[in-house]
Amino acid sequence: MFHQIPTAVWNRMQYLEALDNEQRRLGLPVAERLCAITPEGARFIALMAVAAPRGACLEVGTGGGYSGLWLTLACTERGNKLTTFELDEHKVKTARETFKEAGVESMIDLVVGDAKDHLHRYQNVAFCFLDAAKSEYIDCYETVLPNMVEGGMIVADNVITRKETSEPFIQRVLNDARVDAVMVPIGKGKMLCRKK
């Protein structure tokens, strides 16, 4: 999977990484940046997604489409599509450009709007990546988890670097008997949970 990244996908990944580095240098807040996940973190979520059982693959928080590109690598291996949700119109525009430039538009269903208005419709979810406002994590988690297949995985980003705002979510997951969960110190910190 990582050794066969199509050139168009790789080129767009590199473009977004460079853009993110520039946005960081300029001191833009995370909410305004287009590529919030680290390359190491992106590889981790792709590995988790490809290892998930059969079922739907979701992403909450498309951003500029960077993590979506990595997840399409997993979806290619899995033989399914990625459904990704984004609220911010500027990020939607960039994500559409990303998916078109990378040639993966047919692999992605980009849903524009608040994920909480749509998540309840998705059944047999095998993998869900949460990378949105940390205050929304619990609601998204509680909506997705009942619709997940056994062994399905949720990965939430930024739980270490934003531990203060993530703490209610962290405690909810670590104390939830429906899942096995662990904090993973990759990138900005991931919460990995697997539905029993």
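Considered as a group, the residues in segment 137-184 that are under 22 Å from W70 (Cα atoms) and of a type in the set (F, W, Y) include one that is modelled with the highest pLDDT, and that residue is Y141.
Here A46, A42, A74, A95 are screened, and the one residue that is in contact with a Ser or Thr (Cβ under 8 Å, 6 or more places away or on another chain), within 19 Å of I186 (Cα to Cα) and crowded, with 17+ Cβ neighbours inside 10 Å is A42. If the condition is being surrounded by fewer than 17 Cβ atoms within 10 Å (Cβ to Cβ), out of contact with any Leu (no Cβ under 6 Å at 6 or more places or on another chain) and touching a residue at least 24 places away in the same chain (Cβ under 8 Å), then segment 107-120 contributes D109, V112, G113, K116, H118, H120.
Of the listed requirements (1) out of contact with any Lys or Arg (no Cβ under 9 Å at 6 or more places or on another chain); (2) touching a residue at least 24 places away in the same chain (Cβ under 8 Å); (3) of a type outside the set (G, A, S), K100 misses just one: (2).
Counting only residues that are among the hydrophobic types (A, V, I, L, M, F, W, C) and closer than 17 Å to E142 by Cα, which one in segment 174-191 is nearest to the chain's Cα centre (by Cα)? Among those residues, the one meeting the criterion is M191.
Residues are listed down the side, and each one gets a yes or a no for (1) on the phi > 0 side of the Ramachandran plot; (2) in contact with an Asp or Glu (Cβ under 6 Å, 6 or more places away or on another chain):
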site: K93; (1), (2): no, no
site: V104; (1), (2): no, no
site: D114; (1), (2): no, no
site: H118; (1), (2): no, no
site: N124; (1), (2): yes, no
site: F127; (1), (2): no, no
site: D131; (1), (2): no, yes
site: Y137; (1), (2): no, no
site: Y141; (1), (2): no, no
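Using the structure shown, decide if S135 is among the hydroxyl-bearing types (S, T, Y) and in contact with a Gly (Cβ under 9 Å, 6 or more places away or on another chain). Answer is no for this residue.
The values are calculated or read from the model by the stated rules, or taken from the named source; none is laboratory data. Just so it is clear, the model here is predicted, and its values are computed rather than measured. FYI the Cβ positions are ideal-geometry reconstructions off the backbone, even for glycines, and counts take in every protein chain you see.
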